[in-house]
């Protein structure tokens with residue numbers, strides 16, 4: 001079904017594969033007649049290289065400084081981004097910047113805060129010259145597909161699922177500070193990434209959808225990091241057998257592999273997509289060169305992929321639905337054991353085996369939604385499966401969220417909405433809530449199947465520390481519909497006799513013409529920004545001191561720590577415009593004692609900054625200073641005191657900068673990790689002035705220990721690759737920390753204390 005190549009490969013004419021070995025170059029020359037060829041030259045023939053190089057401003061194709069064509073953010077992130085940019089000298093948006101309102105669309109228990117943020121966004125679009133998409137009009141990525149993508153362009157979004165590769169657009173999801181840099185006419189600085197070919201061949205089986213293909217790939221490449229921080233470049237004869245909607249559905253899920261970005265070739269189907277959306281001028285052909293070199297290849301036979309399910313609590317925890325149904329108790333037992341690792345020591349009742357009824361797995365909820373599930377073809381196919389059937393009156397419910405109002409309107413016109421409503425399904429507006437725990441929250445101990453993007457713990461809205469737990473499994477819309485047709489009993493879409501009608505899509509832009517504010521090129525400095533009472537400025541942050549004392553306040557040994565565990569989504573997003581308020585939720589569902597510990601350390605740092613008695617603020621520090629003094633001279637008034645966490649591999653998942661900024665607001669000055677799950681999380685740490693330390697060896701410290709880092713400012717300034725540190729509580733035991741590669745700008749940001757300070761000068 002899927003094969004991973006151990007070495008790089010040459011791809012000839014987008015179809016013929018030659019593995020990289022001693023005879024590869026000779027074989028390529030013989031087959032093509034090209035006399036000058038090697039891996040470095042052939043890398044330049046990838047689609048990714050061409051697009052990246054055309055957006056690079058450095059003049060060095062190894063060290064890139066990228067300027068993006070367009071930017072996009074949603075209403076969990078854009079307030080903080082604009083506030084950071086304003087504090088750094090923002091005058092106007094230099095490129096089209098789209099502010100969508102698809103995450104906090106609903107009214108909040110916190111009062112007026114959601115609509116306050118929306119009005120903030122509209123006033124900023126007017127003042128700085130941006131695009132404002134009102135609530136319920138479109139989820140961020142559907143609007144970008146319909147109105148923003150363009151062949152050969154690059155788009156940067158402050159949402160991890162910023163992926164428009166199927167439309168010939170290289171898109172990257174990053175934390176808010178990277179958007180800020182673009183707003184201030186700065187660059188996105190990365191090394192030229194490796195590129196991995198995703199070779200698609202064959203034709204999908206009837207009933208298999210894009211989520212099935214995506215989950216199959218994720219299951220093969222996530223754990224081994226095969227595409228981590230690389231570009232996934234889709235190639236092969238199988239692409240022509242996929243509709244554009246199908247390609248989009250696979251592409252959006254590439255985020256869950258931890259890749260950097262994605263790109264696909266464009267063809268007549270993509271050309272038609274742009275024409276349907278009245279943007280024919282944004283189409284151009286994109287394809288690989290005659291001989292392209294890839295750093296690896298994932299070979300996917302589409303005809304062998306069956307309907308899949310990603311069981312709790314990660315998109316890579318995949319099985320075929322047939323396999324699960326045939327081995328129910330064994331697999332559910334395995335899933336429960338994995339789940340207990342994710343749930344940690346929280347005393348919460350968790351079981352899946354009690355979902356088995358009469359030998360079948362019963363599901364309480366189905367949801368088809370968001371940037372992954374809410375597409376036209378997904379919903380039409382689901383409608384065909386459910387046409388004339390009923391979901392029943394037991395626990396099972398089904399909700400469907402079309403991804404945009406134009407799409408919704410077309411589903412009304414072609415009759416799909418009426419047919420779905422007749423089954424008992426409920427139809428909602430464009431909203432990302434089911435993806436992060438703010439919509440369709442199931443009952444305690446319930447099991448939900450969703451065509452959305454993630455199934456991390458808490459993504460469905462449960463609170464483990466309150467004893468509430470529910471589970472999400474990811475599935476394709478077609479198998480969700482098949483399960484709904486069987487009134488909640490897990491069913492593969494392959495087991496349903498159905499005629500997929502595949503109605504044609506007609507895009508009507510009238511809704512956007514009438515409701516979306518487009519201020520591109522029309523910045524009006526006279527406009528006053530509307531600030532709701534919940535919108536708070538960032539607190540002041542200090543520059544890096546010569547030496548540093550860190551207290552370890554949390555120690556996480558899970559194989560991977562998600563950003564949702566670092567700062568939970570869901571109801572916490574009510575505070576996303578208030579840095580101090582939001583910080584109270586940091587690690588609340590993973591290590592509830594973290595905030596209190598971090599604040600205790602921060603008291604000493606606040607006293608130091610104020611010139612007050614540091615030891616009075618934290619009595620532990622007298623012994624710490626005394627022990628350090630046995631080895632080094634220390635000036636307590638000039639030595640920062642902060643907190644740090646250790647995690648094996650933090651940062652998988654969301655691009656939300658709050659995963660880092662909340663730690664910084666509480667006095668966090670560093671993370672220590674074996675490795676970082678994604679570039680975007682590491683970048684978030686750096687942009688908030690936090691040191692992204694690496695430690696591969698066994699831990700020399702434990703939670704509660706103090707660490708002294710001598711000459712940290714000098715080490716950062718002089719680009720030292722290794723930094724000596726000392727565990728104070730263990731008689732100044734020496735160990736080595738590494739920082740990994742940092743650009744000159746990144747070092748300066750850390751030295752200044754954060755991105756805001758860096759731009760203020």
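Taken over segment 541-557, residues that are within 21 Å of residue 657 (Cα to Cα) and outside any strand (DSSP E or B) amount to 4.
Scan segment 427-453 for residues that are under 28 Å from residue 276 (Cα atoms) and surrounded by fewer than 22 Cβ atoms within 10 Å (Cβ to Cβ) and the total you get is 3. All of (1) surrounded by fewer than 24 Cβ atoms within 10 Å (Cβ to Cβ); (2) within 23 Å of the chain's Cα centre (by Cα); (3) within 30 Å of residue 516 (Cβ to Cβ) hold for residue 343 with one exception: (3). Looking only at segment 594-636, residues that are free of Cβ contacts under 8 Å to residues at least 24 places away in the same chain and within 25 Å of residue 463 (Cα to Cα) come to 1 in all. One residue stands out in segment 545-565 among those that are within 22 Å of the chain's Cα centre (by Cα) and buried (at least 20 other Cβ atoms within 10 Å of the Cβ): the one that is nearest to residue 115 (Cα to Cα), namely 564.
Conditions (1) closer than 20 Å to residue 641 by Cβ; (2) in a helix (DSSP H, G or I); (3) out of contact with any helix residue (DSSP H, G or I) (no Cβ under 8 Å at 6 or more places or on another chain), marked per residue:
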{"site": "703", "(1), (2), (3)": "yes, no, yes"}
{"site": "708", "(1), (2), (3)": "yes, no, no"}
{"site": "713", "(1), (2), (3)": "yes, yes, no"}
{"site": "724", "(1), (2), (3)": "yes, no, yes"}
{"site": "736", "(1), (2), (3)": "no, no, yes"}
{"site": "748", "(1), (2), (3)": "no, yes, no"}
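Go through the residues of segment 490-497 one by one and say whether even a single one is assigned to a helix (DSSP H, G or I), touching a residue at least 12 places away in the same chain (Cβ under 8 Å) and in contact with a strand residue (DSSP E or B) (Cβ under 8 Å, 6 or more places away or on another chain). Checked against the condition, which is being assigned to a helix (DSSP H, G or I), touching a residue at least 12 places away in the same chain (Cβ under 8 Å) and in contact with a strand residue (DSSP E or B) (Cβ under 8 Å, 6 or more places away or on another chain), segment 490-497 yields no hits at all. Among the residues examined, residue 655 qualifies as crowded, with 20+ Cβ neighbours inside 10 Å and on the phi < 0 side of the Ramachandran plot.
Checking each residue in segment 681-699 for being closer than 16 Å to residue 647 by Cβ and crowded, with 16+ Cβ neighbours inside 10 Å picks out 681, 682, 684, 685, 690, 691, 692, 693, 694, 695, 699. One residue is enough: does segment 666-682 have a residue meeting the conditions at pLDDT below 90 and farther than 28 Å from residue 254 by Cβ? No, every residue in segment 666-682 fails to be at pLDDT below 90 and farther than 28 Å from residue 254 by Cβ.
Scan the strands (runs of 3 or more DSSP E) fully inside segment 59-166 and keep the ones with 1 or more residues being touching a helix residue (DSSP H, G or I) at 6+ places or on another chain (Cβ under 7 Å) and within 30 Å of residue 581 (Cα to Cα).
On the way: elements: 63-66, 70-73, 97-100, 131-133, 154-157.
Correct list: 70-73, 97-100, 131-133, 154-157.
The condition of being over 24 Å from the mean Cα position of the chain (by Cα), at pLDDT below 90 and over 29 Å from residue 714 (Cα atoms) holds for only one of 579, 568, 539, 533, that being 533. Being touching a residue at least 60 places away in the same chain (Cβ under 8 Å) and under 23 Å from residue 313 (Cβ atoms), is that true of even one residue in segment 374-392? Yes: segment 374-392 contains one or more residues that are touching a residue at least 60 places away in the same chain (Cβ under 8 Å) and under 23 Å from residue 313 (Cβ atoms).
Taking the stated definitions as given, is residue 720 surrounded by fewer than 21 Cβ atoms within 10 Å (Cβ to Cβ), under 21 Å from residue 668 (Cβ atoms) and out of contact with any helix residue (DSSP H, G or I) (no Cβ under 7 Å at 6 or more places or on another chain)?
Working: surrounded by fewer than 21 Cβ atoms within 10 Å (Cβ to Cβ): yes; under 21 Å from residue 668 (Cβ atoms): no; out of contact with any helix residue (DSSP H, G or I) (no Cβ under 7 Å at 6 or more places or on another chain): yes.
Criteria not met by residue 720.
If you go through segment 641-664 and pick out every residue that is under 17 Å from the mean Cα position of the chain (by Cα), farther than 12 Å from residue 692 by Cβ and part of a helix (DSSP H, G or I), you end up with 3. For segment 582-599, filtered to residues that are crowded, with 16+ Cβ neighbours inside 10 Å and in a helix (DSSP H, G or I), the residue that is modelled with the lowest pLDDT is 582.
Can you tell which of 26, 42 is out of contact with any strand residue (DSSP E or B) (no Cβ under 8 Å at 6 or more places or on another chain) and either at pLDDT 95 or above or not in a loop (DSSP other than H, G, I, E, B) (or both)? Before you say what the answer is, go through the steps one by one.
Values: 42 fails: out of contact with any strand residue (DSSP E or B) (no Cβ under 8 Å at 6 or more places or on another chain).
Only one candidate qualifies: 26.
Which of the residues that make up segment 94-128 are more than 19 Å from residue 436 (Cβ to Cβ) and touching a strand residue (DSSP E or B) at 6+ places or on another chain (Cβ under 8 Å)? Scanning segment 94-128 gives 95, 96, 97, 98, 122, 124, 125, 126, 128.
The values are calculated or read from the model by the stated rules, or taken from the named source; none is laboratory data. Keep in mind the model is a prediction, meaning the values are calculated, not measured. No Cβ is skipped: glycine too gets one built from the backbone with ideal geometry, and neighbour counts run over all protein chains shown.
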